[in-house]
Structure formats: C-alpha cells, structure tokens
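Structure first, then comments.
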C-alpha cells in the first residue's frame, strides 16, 4: 500500500498532524477519565502524553514535527497564565483576609519543594544543570522554563520536570492528604496548587470548587514568588 | 465573539508584559507581568465583562495546554535513561514534601476556623 504510506508521510509532515493528534488524544483520554469516575491514576495529561509519545516514537516522527502543530495549543499557556488574575480577583476578599497565612504557606511550601528537590538531587549525584532545571518544578511549566533559563538550567528539561511534578501531585494528593488527616478543602487545594501548579489546580477544580479556587490562588502566588525569589536565591547561592 | 475579545485582551496584556520585561530587564516572565496588569485592570467592569469567558474557558482546559510540553519528554529520553529513577525519586519526594509543608503551615495558621470536610482531590 504505497499510497497509504505516502499519505501518512504527507500528513505527518504538516502542522495538522500535531494539532489533531493533541486534541483528539486528549478528548478520547478525557472521556475515559470521566468514565472511570475521574480516578487520580486515570489523569488525562499523563495518558495523553504517554499515548502521543508512543505514537511519535513508533512512527519515528521527530518532536519538532509534532510541535509544529502542537504549538497552537502550547502558545495558549501564555494567556492562560495572564487569565490566572481572574480567580485571584474573584477571591480578593478572602485573599485580603487570609493573605498573610496564604503567602506564608506559599513561601514555606514553595521553598520546601524547591529546596528538597535540589538537596535530594545533589545527594543522589545529579549534575548541576539538571539540579538547576529541577528547582522551579513547582511553578507552572511556561514560567518554570523562564526561571530555569535565569538559573542556568535547561528550559525544556525544566518544563518536563514541572509537568511530571504536576502529574505526581494530581495523582497522589488524595492519598497523601488522607494519610496526613488534612480535611479542609481550602488547605488541600492550596497545598496541591503550591506543589503541583496547573495540573494540581486542574485536578482540584475537578474535585471541589473551593479546593479549585484555592489551588488557583496557590498557583498564581507560586508564579509570582517563584519568578521573583528563585533567581535571587540562585544568584546568592552561586556567590559573588 | 466575547471569547475572541477576551482572548485578544489576554494576548495584548501578555504582549505588554513581554515588552515591559524586555525593556526594563525585569526578573518576572512576560505572562506574569500580564497577570499583574490584568489584576489591576479588573477594577474596570468593562474589562471584567470582556475577559470572563476567555479566562474561564482557558482555565477550564488548563491541563490540555500542558500536553505539548509533556510530550517533549521524548527529546530528553537520554537524560531519563541515565537519571530516570533518581529524577523520579526526587520529583515524587519533593512534591510530597512541598504539599505536606504547605498544608501543615496553612492548617496551623488558619486554625480550626472552618469545619469543612474533604476526602477527595
């Protein structure tokens, strides 16, 4: 069937392939996620990434070819970060009232996540550029790339680490919070958004409106604190 | 139409943020400056009406937007092959530590204020 092969080669080389593969896979996987009662392990991002990665590796399609189409989804991360102002605005009264507690918790949690990642990584003998790419992993992927660049890490690796972190949080938060006896939806959502940014917030939103709103606040705070403080701390650690 | 107007406004704010970051060499990424600008602009009822549909639409499908970056994992299969297990251990443990510390600190600071119950998320 040479015609089919030629058709595939043609289709796979147009941006249409990457865009269609991303949307179609996500829609299918999300339907399965809904069908499975939104179980944490059925996370739609995890399985979309796995499915598309397998297709690309199996068909020997290079990532840039895929990204030529997928970039149309990817660029929306920018306006999505800007849009985070919306949930912050909606909760502005609560933010003002609980502001000090929330910022303190965001600072402590963000520092614990980044600090423990770098410390554990150094302990396990990971190279310096990988450590610098690990530090901003609790900040949402597009911003983590910018921070990693300033720290001297690898932006693309930082983005992958951020997405992995988001998946780990979205998959395991329920069990961790239940084990720790944390019951407040606000606290659960805020902790999930702090450590696991957008993917954690997306998961929190699917489970409870309160948890989702607090996860959105945490995500926004982590973006602001991470991009302001991490380059400063990195600069200070690197020494004069 | 409102969706397009909102998206246009979000993109313009991001562009304004990128310009400010480059012009003044700010430590914040462009979209973050855009977030701050929007937070200020939301005082206007016109801006709120313009941006609401696009903002809610984008945030409702936030997880889809991470898929292209996530697939980028295939370009780092060599790093994963050499450090995969160690990286996974670091990512899992530090994420749990981050969540536990945040939850602990926030729960202490908020006290036993609200008796809400949750077993999900």
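The values are calculated or read from the model by the stated rules, or taken from the named source; none is laboratory data. The structure displayed is predicted, hence computed values, not measured ones. Cβ: placed from backbone, ideal geometry, glycine included. Neighbour counts: every protein chain shown.
A few notes on this one:
- Scanning the range A:107-142 for residues being under 30 Å from residue B:49 (Cα atoms) and either facing another protein chain (nearest Cβ under 9 Å) or in contact with a strand residue (DSSP E or B) (Cβ under 9 Å, 6 or more places away or on another chain) (or both) gives a total of 3.
- Filter result for residue A:61 (part of a loop (DSSP other than H, G, I, E, B) and farther than 19 Å from residue B:58 by Cβ): yes
Conditions tested, residue by residue: (1) at pLDDT below 85; (2) crowded, with 20+ Cβ neighbours inside 10 Å.
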| position | (1), (2) |
| --- | --- |
| A:179 | no, no |
| A:184 | no, yes |
| A:188 | no, yes |
| A:205 | yes, yes |
| A:213 | yes, yes |
| A:218 | no, yes |
| A:233 | yes, no |
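- Counted residues, the range A:89-125 - those being more than 16 Å from residue B:95 (Cβ to Cβ), crowded, with 17+ Cβ neighbours inside 10 Å and without any contact (Cβ under 8 Å) to a residue 60 or more places away in the chain: 3
- Taken as a whole, the range B:111-121 holds no residue that is touching a helix residue (DSSP H, G or I) at 6+ places or on another chain (Cβ under 9 Å) and in a helix (DSSP H, G or I).
- Taken over the range A:62-88, the criterion of being in contact with a helix residue (DSSP H, G or I) (Cβ under 7 Å, 6 or more places away or on another chain), more than 7 Å from chain B (Cβ to nearest Cβ) and without any contact (Cβ under 8 Å) to a residue 40 or more places away in the chain is satisfied by no residue.
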